[in-house]
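Notes follow the structure.
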Amino acid sequence: MKVKINVGLVGFGNRGWSLMSNVIVPMTEKDVNIKGVCDLYEDRARNAAEYVKNNTGCEPFWTTDYHDITSMDDLDAVIIMSAWESHVPVAVSAMKSGKYVGFEVGGVYSLDDCWKLVHASEDTGMPCMLLENCCYGRREMMVMNMVKQGILGDIMGCQGGYCHDLREEISGGLENRHYRLRNYLNRNCENYPTHELGPLAKVLSINNGNRMLSLTSAASRSMGLHEYNITAKGKDSPLANAAFAQGDIVTTTIKCAKGQTITLTLDTTLPRAYSRCFTVHGTKGMYAEDTDSIFLDGVHNEFDYNWKKQWGNASQYEEQYDHPLWKEFSKQIRGGHDGMDWLVFRAFIESVKSGQQTPIDVYDTAAWMCISALSEESIACGSAPVAIPDFTNGRWLERNDITKGKYCLNEVCEDHTVSLY
């Protein structure tokens, strides 16, 4: 196993800069060398190179052309944190150049994007990992552990959402050069499905004995951004009269091969509290994120009409059901989003070091991201059902190439051969 790997970084907007400074640069002490940085905007690329030099002592190559990064001979991996539209072309270029690929979350614009990722990974043998941090959330992993142990019974239905007031971020897209603005102006879809879908897909063993078959999506009208821009920025502001295509609330329902349903909600342009609405409901019980509560049949039935008394009771189950990864390293985990960012990057880095498949592979990546393009099609056709492709080409029935070890998400693993420090 390699002691350190060489990485190139692409994209330094808000998210890219945060990940570089809070997660990746701290990893240069023991795990990575940052050899190159890239952003479409010269000032961002130059500032990133300066930051890396000042905080690591090593001056990386910098460029505004991602091909200069993906073609570097001494890189082991490329980490992509740029605008949604650029994820697939940069990832494909990197895989074709023999690099591992890890990229930030978002949806795709066509099924062709997903097939490009799958074919590039299969043709080159290079892993491609969506860096979906929510798969490593403490509660998500605890519930997955409970599901795999049968505590919640047979899972029948799951819900999730990306419910996050992004009105300020979207409306600041012109001055901050943020990609969300152009997407909300021109697209109407479930544009950010993987935060909620990723953990649920792992709970339901999607691509490993189960798969998603079809979806329908419906969108409300768009009013939230219009009202926000008039109220917050004034009637004469550039976006006050903009016609936003993106519906304020998008609801997507997915049917799975094993009979379960998944309901996703996108709610980012109305005033609200943050939630991912992570909910898993089985024949023996359920977990609900919004009340951080577990209901077990035969244990909590007396509270069915007085459930507020049980809000927050999930903490009582941590000692018994916390995922081994969190049990062992909860006091050492650092980085953004309560440690999720750190864990997903550790999983990726350890995969590159060992030359193994990543715990979120290209088939997961394609299946989760395709929801954006398919929901757009369903909404445009009056909420018509749309088939979800099988990117594994039938191998979901009995796959034997899934990842093992500490960071795996396909089953509950207690193999502690990899050190988190």
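The values are calculated or read from the model by the stated rules, or taken from the named source; none is laboratory data. Since the structure is predicted, the reported quantities are computational estimates derived from the model, not experimental observations. Note that we place each Cβ from the backbone using ideal geometry, even for glycine, and neighbour counts take in every protein chain shown. Keep in mind that these areas ignore ligands, DNA and RNA; they rest on the heavy atoms of the full protein, side chains included. Shrake-Rupley method; radii C 1.70, N 1.55, O 1.52, S 1.80 Å.
Kindly indicate the residue of segment 82-96 that is touching a strand residue (DSSP E or B) at 6+ places or on another chain (Cβ under 8 Å) and open to solvent by 10 Å² or more (accessible area, probe 1.4 Å) and also nearest to residue 378 (Cα to Cα) among those meeting that condition.
86
Do we have any residue at all in segment 302-316 that's touching a strand residue (DSSP E or B) at 6+ places or on another chain (Cβ under 7 Å) and outside any helix (DSSP H, G or I)?
Yes, segment 302-316 contains at least one residue that is touching a strand residue (DSSP E or B) at 6+ places or on another chain (Cβ under 7 Å) and outside any helix (DSSP H, G or I).
Among the residues of segment 63-77, is any surrounded by fewer than 22 Cβ atoms within 10 Å (Cβ to Cβ) and touching an Asp or Glu at 6+ places or on another chain (Cβ under 7 Å)?
Among the residues of segment 63-77, at least one is surrounded by fewer than 22 Cβ atoms within 10 Å (Cβ to Cβ) and touching an Asp or Glu at 6+ places or on another chain (Cβ under 7 Å), which makes the answer yes.
Which members of segment 7-29 meet the condition of being of a type in the set (A, V, I, L, M, F, W, C) and either under 15 Å from residue 62 (Cα atoms) or open to solvent by less than 10 Å² (accessible area, probe 1.4 Å) (or both)?
Of everything in segment 7-29, those that are of a type in the set (A, V, I, L, M, F, W, C) and either under 15 Å from residue 62 (Cα atoms) or open to solvent by less than 10 Å² (accessible area, probe 1.4 Å) (or both) turn out to be 7, 9, 10, 12, 17, 19, 20, 23, 24, 27.
Here is a yes/no grid of residues against (1) acidic (Asp, Glu); (2) in contact with a Pro (Cβ under 8 Å, 6 or more places away or on another chain):
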residue	(1), (2)
30	no, no
36	no, yes
44	no, no
47	no, no
50	yes, no
54	no, no
61	no, no
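Among the residues of segment 1-27, which ones are touching a Gly at 6+ places or on another chain (Cβ under 9 Å) and of a type in the set (Val, Ile, Thr)?
Matches in segment 1-27: 7, 10, 23.
Output yes when any residue across segment 35-45 is within 23 Å of the chain's Cα centre (by Cα), farther than 15 Å from residue 93 by Cβ and either open to solvent by less than 80 Å² (accessible area, probe 1.4 Å) or not basic (Lys, Arg) (or both), and no when none is.
yes
State whether one or more residues within segment 267-275 are over 29 Å from residue 321 (Cβ atoms) and among the polar types (S, T, N, Q).
Scanning segment 267-275, I find at least one residue that is over 29 Å from residue 321 (Cβ atoms) and among the polar types (S, T, N, Q), so the answer is yes.
Based on this model, can you work out whether residue 371 counts as open to solvent by less than 10 Å² (accessible area, probe 1.4 Å), modelled with pLDDT of 95 or more, of a type outside the set (Ser, Thr, Tyr) and part of a loop (DSSP other than H, G, I, E, B)?
no
So, residue 3, is that one closer than 23 Å to residue 96 by Cα, of a type in the set (Val, Ile, Thr) and in contact with a helix residue (DSSP H, G or I) (Cβ under 9 Å, 6 or more places away or on another chain) or not?
no
Please verify whether residue 1 is open to solvent by 70 Å² or more (accessible area, probe 1.4 Å), of a type in the set (A, V, I, L, M) and assigned to a loop (DSSP other than H, G, I, E, B), treating the condition exactly as stated.
Yes, satisfied.
Checking the conditions here, which among 243, 257, 232 is more than 16 Å from residue 376 (Cβ to Cβ), in contact with a Leu (Cβ under 6 Å, 6 or more places away or on another chain) and of a type in the set (A, V, I, L, M)?
Just one listed residue meets the conditions, 257.
Name the single residue, out of those in segment 170-184 being of a type outside the set (A, V, I, L, M, F, W, C) and open to solvent by 10 Å² or more (accessible area, probe 1.4 Å), that is farthest from the chain's Cα centre (by Cα).
Top of the filtered list is 175.
Mind telling me which of the residues 118, 143, 108 ends up being β-branched (Val, Ile, Thr), open to solvent by less than 20 Å² (accessible area, probe 1.4 Å), under 19 Å from residue 246 (Cβ atoms) and touching a helix residue (DSSP H, G or I) at 6+ places or on another chain (Cβ under 8 Å)?
Going through 118, 143, 108 in turn, just one is β-branched (Val, Ile, Thr), open to solvent by less than 20 Å² (accessible area, probe 1.4 Å), under 19 Å from residue 246 (Cβ atoms) and touching a helix residue (DSSP H, G or I) at 6+ places or on another chain (Cβ under 8 Å): 108.
I'm trying to understand the selection: among the residues of segment 146-169, which are closer than 30 Å to residue 352 by Cβ and surrounded by 24 or more Cβ atoms within 10 Å (Cβ to Cβ)?
Once the filter is applied, which keeps residues that are closer than 30 Å to residue 352 by Cβ and surrounded by 24 or more Cβ atoms within 10 Å (Cβ to Cβ), segment 146-169 yields 160, 162.
So the check is Cβ under 7 Å with 6+ separation or different chains; which pairs have a first residue in segment 14-37 that's of a type in the set (S, T, N, Q) and a second one that's open to solvent by 10 Å² or more (accessible area, probe 1.4 Å) and not in a helix (DSSP H, G or I)?
These pairs meet every condition: 18/336; 22/335; 22/336; 28/34; 33/4; 33/6; 33/58.
Taking the stated definitions as given, is residue 352 modelled with pLDDT of 95 or more, farther than 26 Å from residue 150 by Cβ and buried (at least 21 other Cβ atoms within 10 Å of the Cβ)?
Taking the combined requirement at face value, the residue satisfies it.
Has segment 310-330 got any residue that is surrounded by fewer than 16 Cβ atoms within 10 Å (Cβ to Cβ) and among the aromatic types (Phe, Trp, Tyr)?
Yes; the residues of segment 310-330 include at least one that is surrounded by fewer than 16 Cβ atoms within 10 Å (Cβ to Cβ) and among the aromatic types (Phe, Trp, Tyr).
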